[in-house]
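Asker: Just dropping this structure here.
The values are calculated or read from the model by the stated rules, or taken from the named source; none is laboratory data. Given the structure is predicted, the values throughout are model-derived calculations rather than measurements. Note that we place each Cβ from the backbone using ideal geometry, even for glycine, and neighbour counts take in every protein chain shown.
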Amino acid sequence: MFTTIQLAKGVQLHVHPTTQFKTVNFSIKWRAPLTDEAAAARTVLTNVLQHSNAKYDTTAAFRSYLDDLYGTVLYFDTAKRGNEHTVLLNVETVNDQYLKNANVLQEVLQTIHTSVFEPNVDEAGQFKEAIVNREREMVVQRIQSIFDDKTRYAQQQLTKLMRPNHAASISANGSLEAVKALTVADVTAAYHDMLLHDRIDIYVVGDVQPDEMATRLKQELPFADRDAQPLEAIPASTTEFEYVREQQDMKQGKLHIGYSTSVRFGDDDFAAMQIFNGMFGGYPHAKLFMNVREKESLAYYASSSYSGHYGLVFVLAGIEAANEEKAYTLIQQQLTAMQQGDMTELELAQTKAMLTNQLKEALDSARGQIEVYDQYKELDEQFSIDTWAARWDRITLDDVARMAKYVTLEKVYFLSGKEQE
Amino acid sequence: MEKITFEQLDETLYYEKLDNGLDVYILPKKGFSKTFVTFTTKYGSIDRTFVPIGEEEMITVPDGIAHFLEHKMFEKEDGDVFQKFSELGASANAFTSFTRTAYLFSGTNHIYDSTKTLLDFVQQPYFTEETVNKEKGIIGQEITMYDDQPDWRQYFGTIENMYHNHPVKIDIAGTIETIDGITAEHLYTCYNTFYHPSNMLLFVIGAVEPEEMMDFIRNDQASKEFQEPTPLNRHFDEEPTHVAVKERTLHMDVQKPKVMLGLKAKTVHLQGADMLKHELAMNIGFELLFGRTSPFYTRVYEADLIDESFGQDFSLEEGFGFGLIGSDTSEPARLIEEIQQELKAAESALPFTAEDVERMKRKKIGFYLRAMNSIEFIANSFTRYKFNDMNLFDAVPTLEQLTFDDIQEALTSIQGQDQQTIFTVLPMEQHA
C-alpha cells in the first residue's frame, strides 16, 4: 500500500498514491524516548508551533490563511506508544481537482515548511515569552480538565496505581508539575532537539506520485541525517493486588479493573491475546456486554481493552454504587469462565469476523491507513490485512483459554458518589 | 430508479420511492471496501404529543420513549440482534436525536445478509413487559452516566433555559422517573405510528452495486405487509420567541467553572432551500463573530478568559434553533460580559467584511469536500437534510451564492437581549 523512500538517514517517507479520497493527507511523526519532562516540553511546543509562525505571527492571521486555502486542516499534537513519544503534524487539504482554478497543494507544502522551520521566535532565537506562557497555561488546563471527565479520571488513577513512574502511566501531555516547571528555554531546546535528533516518519495519502512527492518534500522539509537508535524494550513489572476506593460528588459508580499479562505487542501470542480481549469485552457479543449488561442489567457500558505495548488489560463499567460487589464478582466470573474454556465456537467466529472487519474498515479513511500501517509495520514490514487476518484465523478456543490464564488481576479502582448525609 | 449525478463532486446518487412509501438512496463510493447502511425514522425525542395511528385522540407519552424504543428494537424473541451482526462481521449501532432515530451497520463482507438483518430487526418489533422492565436498569445507568458529565448538563441546562414549552428542552433519554412509567404498550403505539416505511429513509453507501442492491431492497419490502400510510399528526404548543429563564447555576464536582451563553433563534420555521441558505449563513456568521479568526476570540484568549474547551455552534431544526457559545473559564462573569458586548456591537456594525465572508465560504466549501470522504457523514447528514426537505449536495452551490447581506440578515434571528440565556457550572465549594 505504502511506498517507502528514505529522505535522509532516520527520515522515512511513506506514500500511498490513491484516488479514493477527495483530499491529500499528510502526517509527520517525530519520535523520541518517552519521559515525563520530554512529553511536557514537546506538548507545549506543539501548542506554540500551532499558535503562529514567522510568516503569520498571530493565531488569527495563521488560521485566516488556512481558511483561505479551502479550510486546510493543520494541527500539531502529541501521542505515545510503548516507550516512545510522538509529536505529530497532521495536514489535510482538498485535492486541487475539485476546486475551480486553484493550486492549493503547492501552498500547503510551503505552509508545512513554514510551520516547522520558520517559528515565531525573538532575535535571540527563543520562542516568545507571552506565547509560551499562555500556551503552557492551555496545556495545564487540558491536563486539569481530566478531573471533570470521571471515566478518564478513573482510568488515569488506575494506570498510576498499576505502573507508577512508568511509560504506561506517563501522559502524552506530561504531568501538571512538569508542564508548570517549563521555561522558554526548555521549549526552545525541545524544538531544536526534535528537528535534529528525532526519528521521523512522513506519511502522504492521496492523488500524488511518490517520486515527485519525495523531491518536493526534500525541498520543503530539509531534515539532516540522524542516528535513530531503536529504543530498549520496556522491562516487565507488576505490583501487588490492591482494591482502592475513592469518593467524589457524583452519581454513578465507575468500576475500573486492571489486569497484567506477559503477552506484548510483537510476541507470537499477540494475535491470540487480541482475540481474547475481543471475546472478553471488546464487542457487543462479548462476555462482559452479554452478562453484565444484557443478562443482569447492571450497566450501560461494560467493556475491556488490551494495551499490548504495556501488557495490560483493562475492564471498565459504569454501575450503580450499590451493585459494586455483584458487578465485580460477575466480571471476575467471566474471566474464570474463559480460563476454564467455557466459550463457544460461535463467540470465536464472531470475534474473528469483527476484528478483521474493523481492520478493513480502518483502511477506508486516509488517517486510518496511516495509523494501521504505522502500527503494524513495526511487526512486519510486509504487513497486509490478509496476512494478519490469517493469523487470527488460526487461533483456537484452546489458545484463547491459554491467553485467559496469562491474564492476572492486579488492581481494582472504584470511584463513586459520597454517602448521603 | 432515478440516477442523479453531481459532476463537481464526482458522485452519483441512485434514488427510488418504493410502493410502501420508503425512500431509498444508494451512493456507490469508488475504492471503498466497506458498506454503511442507515435506516432512519423521522421520529425523535420531541415527538411526544401526537395522534396514534388509527386513532383520533391526541396523547402524550412518557419522556425518553423514542430512545427507549431504540434500545428495545435490538432485542428479539430469539435473542440479541448484535449477535447476528457480529456473526456477519458487521458493526451495528443506533442513536436517537431530537428529531430522528437511526439504526445502522457497517461491514466489509456479507452486505446483503447484513442489510436484510437491519431491515428485519427494525421492521419486526418485539416488546414484552419483562424485556421492557429489564431495560430500565440499563438505560438508568446511561442516564446516570450523562448526569455526571458537566458538559452534557450544561448543554441541556442551556436549552432548558431557552424553551417554555417546546419538548426540545426535555433530555433525549428522559429521567429515571419518566422511563419507569414506560410499558410495552407505549412502545407499540409509538412504533406503529412512527416506523411506517413512509416516514423512513434508507441510505446505502460505500462498496455497493446500485441496481442489484435496489432490487434486493425492493423485493424485501414487497414481501412485507404494511398498513396504508396515514398523515402524521404531531402537536407542539405555541412557543414564545423570548427565553424562559435568563440564568441558572449548577454545582458539580469540577475543577474549574464552565459557562455557556445560549441564543434562542427566532427564525425556526424554514424548510428546503430557504432553510439550507439560512443555516449556512448562520454558521458562517457565528464563526465570523466568535470563531478562532474573530477579533472577539483574540481578545478573550489574550485576556486569559478561555481555554481549549472554548466552542461555538449553531443548530437548527423545524420548530427550534439555537446558538451556543461556551468555555471553561476562571472568570465566567467577565467572559459572559465580553460575549454580550460583542453581540450588542454586532447589532449596529458587524465586526467582519465581505472579504471575510468570502474566506469563510471557502473554508466551508473545503469542509464539505473533505466530508465527502466520510461515508458516515454523508449518510447521516443526507438523511437529516432530507427530513428537512434539503439536499446535502446543494450545500456547496448554495455556499457559493451567499453574500455579506445574507449573513447580516440571517444573524437578526438571534438578535436581542430577550434571546439570551446563561448557564453556569461551578465547582462544589464555589458560589457565584
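Asker: Going through A:GLN350, A:GLN375 one at a time, which residue ends up being within 23 Å of the chain's Cα centre (by Cα) and not acidic (Asp, Glu)?
Answerer: Result: A:GLN375 is the single residue among A:GLN350, A:GLN375 that is within 23 Å of the chain's Cα centre (by Cα) and not acidic (Asp, Glu).
Asker: Residues being within 20 Å of the chain's Cα centre (by Cα) and either of a type in the set (Phe, Trp, Tyr) or assigned to a strand (DSSP E or B) (or both): count how many of those fall in the stretch A:262-282.
Answerer: Residues flagged as within 20 Å of the chain's Cα centre (by Cα) and either of a type in the set (Phe, Trp, Tyr) or assigned to a strand (DSSP E or B) (or both) within the stretch A:262-282 amount to 2.
Asker: Does A:TYR98 satisfy the condition of being within 19 Å of A:PHE117 (Cα to Cα), within 14 Å of chain B (Cβ to nearest Cβ) and surrounded by fewer than 22 Cβ atoms within 10 Å (Cβ to Cβ)?
Answerer: It is false that A:TYR98 is within 19 Å of A:PHE117 (Cα to Cα), within 14 Å of chain B (Cβ to nearest Cβ) and surrounded by fewer than 22 Cβ atoms within 10 Å (Cβ to Cβ).
Asker: Cβ-Cβ below 9 Å, separation at least six or inter-chain, first residue in the stretch A:112-135 and aromatic (Phe, Trp, Tyr) and surrounded by fewer than 17 Cβ atoms within 10 Å (Cβ to Cβ), second in a helix (DSSP H, G or I) and modelled with pLDDT of 95 or more: which pairs?
Answerer: Matching pairs, first to second residue: A:PHE117/A:LEU195; A:PHE117/A:GLU220.
Asker: For the stretch B:24-60, what are the residues that are among the charged types (D, E, K, R) and within 14 Å of chain A (Cβ to nearest Cβ)?
Answerer: Result: B:LYS29, B:LYS30, B:LYS34.
Asker: Taking B:THR5 and the conditions (1) free of Cβ contacts under 8 Å to residues at least 12 places away in the same chain; (2) surrounded by 17 or more Cβ atoms within 10 Å (Cβ to Cβ); (3) not charged (D, E, K, R), which numbered condition does it fall short on, given that it satisfies the others?
Answerer: The single condition B:THR5 does not satisfy is (2).
Asker: Please state which of the following conditions A:GLU410 fails to meet, knowing it meets all the rest: (1) touching a residue at least 24 places away in the same chain (Cβ under 8 Å); (2) more than 25 Å from A:ASN83 (Cβ to Cβ); (3) of a type in the set (D, E, K, R); (4) more than 14 Å from every other protein chain (Cβ to nearest Cβ).
Answerer: It is condition (2) that A:GLU410 fails.
Asker: How many of the residues making up the stretch A:123-162 are among the charged types (D, E, K, R) and touching a helix residue (DSSP H, G or I) at 6+ places or on another chain (Cβ under 7 Å)?
Answerer: Residues meeting the conditions: 5.
Asker: Another question, if that's okay. Taking only the stretch A:129-179 into account, find how many residues are more than 13 Å from chain B (Cβ to nearest Cβ) and not in a helix (DSSP H, G or I).
Answerer: Going through the stretch A:129-179 one residue at a time, the tally reaches 12.
Asker: Moving on. Residues in the stretch A:347-367: is at least one touching a helix residue (DSSP H, G or I) at 6+ places or on another chain (Cβ under 8 Å), more than 13 Å from every other protein chain (Cβ to nearest Cβ) and surrounded by fewer than 20 Cβ atoms within 10 Å (Cβ to Cβ)?
Answerer: no
Asker: Restricting the search to the stretch B:76-106, which residues are of a type outside the set (S, T, N, Q), part of a strand (DSSP E or B) and in contact with an Asp or Glu (Cβ under 8 Å, 6 or more places away or on another chain)?
Answerer: Matches in the stretch B:76-106: B:ASP80, B:ALA94, B:PHE95, B:TYR103.
Asker: Report whether or not A:ALA322 is part of a helix (DSSP H, G or I), within 14 Å of chain B (Cβ to nearest Cβ) and farther than 17 Å from A:ASP398 by Cβ.
Answerer: So A:ALA322 fits the description; yes.
Asker: Would you confirm whether any residue within the stretch A:67-83 is assigned to a helix (DSSP H, G or I) and either under 16 Å from the mean Cα position of the chain (by Cα) or surrounded by 22 or more Cβ atoms within 10 Å (Cβ to Cβ) (or both)?
Answerer: Yes, that holds for at least one residue.
Asker: Pick out the one residue from A:ILE385, A:ILE370 that is within 11 Å of another protein chain (Cβ to nearest Cβ) and touching a residue at least 24 places away in the same chain (Cβ under 8 Å).
Answerer: After ruling out the rest, the residue left standing is A:ILE385.
Asker: Here is a list: A:ALA228, A:ALA236, A:ALA286. Which entry is within 14 Å of chain B (Cβ to nearest Cβ) and among the small types (Gly, Ala, Ser)?
Answerer: After ruling out the rest, the residue left standing is A:ALA286.
Asker: Cβ-Cβ under 9 Å, sequence separation 6+ or interchain: first residue in the stretch A:206-223 and farther than 14 Å from A:SER27 by Cα, partner part of a helix (DSSP H, G or I) and among the small types (Gly, Ala, Ser). Which pairs?
Answerer: Short answer, once both residue conditions are applied: none.
Asker: Among strands (runs of 3 or more DSSP E) lying entirely in the stretch B:235-342, which contain 1 or more residues that are under 30 Å from B:PRO52 (Cα atoms), more than 14 Å from chain A (Cβ to nearest Cβ) and at pLDDT 95 or above?
Answerer: B:311-317, B:320-328
Asker: Just one of (1) under 20 Å from the mean Cα position of the chain (by Cα); (2) acidic (Asp, Glu); (3) within 14 Å of another protein chain (Cβ to nearest Cβ) trips up B:ASP180, so point out which.
Answerer: (1)
Asker: Considering each of A:SER303, A:SER297, A:SER260 in turn, give the residue that is within 14 Å of another protein chain (Cβ to nearest Cβ) and closer than 29 Å to A:ALA389 by Cα.
Answerer: Being within 14 Å of another protein chain (Cβ to nearest Cβ) and closer than 29 Å to A:ALA389 by Cα holds for just one of A:SER303, A:SER297, A:SER260, which is A:SER303.
So that you can scan it fast, the table gives a plain yes or no per residue for (1) hydroxyl-bearing (Ser, Thr, Tyr); (2) in the same structural domain as B:GLU308 (by TED's automatic domain parsing); (3) touching a Ser or Thr at 6+ places or on another chain (Cβ under 6 Å):
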| residue | (1), (2), (3) |
| --- | --- |
| B:THR230 | yes, no, no |
| B:HIS242 | no, no, no |
| B:ASP253 | no, yes, no |
| B:MET260 | no, yes, yes |
| B:VAL268 | no, yes, no |
| B:GLN271 | no, yes, no |
| B:PHE290 | no, yes, no |
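Asker: Just need a number here: residues in the stretch B:62-81 that are touching a residue at least 40 places away in the same chain (Cβ under 8 Å) and closer than 13 Å to B:TYR103 by Cα.
Answerer: 8
Asker: Report, by residue number, each residue of the stretch A:92-110 that is out of contact with any strand residue (DSSP E or B) (no Cβ under 7 Å at 6 or more places or on another chain) and not in a loop (DSSP other than H, G, I, E, B).
Answerer: Of everything in the stretch A:92-110, those that are out of contact with any strand residue (DSSP E or B) (no Cβ under 7 Å at 6 or more places or on another chain) and not in a loop (DSSP other than H, G, I, E, B) turn out to be A:ASP96, A:GLN97, A:TYR98, A:GLN106, A:GLU107, A:LEU109, A:GLN110.
Asker: Restricting attention to the stretch B:170-222, which residues are part of a helix (DSSP H, G or I) and without any contact (Cβ under 8 Å) to a residue 60 or more places away in the chain?
Answerer: B:ILE176, B:GLU177, B:ASP180, B:ALA184, B:GLU185, B:GLU212, B:ASP215, B:ASN219
Asker: With the requirement that a residue be within 14 Å of B:HIS67 (Cβ to Cβ), in contact (Cβ under 8 Å) with a residue 40 or more places away in the chain and within 12 Å of another protein chain (Cβ to nearest Cβ), what does the stretch B:82-138 give you?
Answerer: Of everything in the stretch B:82-138, those that are within 14 Å of B:HIS67 (Cβ to Cβ), in contact (Cβ under 8 Å) with a residue 40 or more places away in the chain and within 12 Å of another protein chain (Cβ to nearest Cβ) turn out to be B:VAL132, B:GLU135, B:LYS136, B:ILE138.
Asker: Quick test for you: out of A:LEU182, A:LEU217, pick the one residue that is in a loop (DSSP other than H, G, I, E, B), touching a helix residue (DSSP H, G or I) at 6+ places or on another chain (Cβ under 8 Å), surrounded by 21 or more Cβ atoms within 10 Å (Cβ to Cβ) and on the phi < 0 side of the Ramachandran plot.
Answerer: Every option except A:LEU182 fails the conditions.
Asker: For the stretch B:376-419, name all the residues that are in a helix (DSSP H, G or I) and of a type in the set (D, E, K, R).
Answerer: Across the stretch B:376-419, the qualifying residues are B:GLU376, B:ARG384, B:LYS386, B:ASP394, B:GLU400, B:ASP405, B:ASP406, B:GLU409, B:ASP418.
Asker: Exactly one condition in (1) farther than 30 Å from A:ARG136 by Cα; (2) within 14 Å of another protein chain (Cβ to nearest Cβ) is false for A:VAL91; which is it?
Answerer: (1)
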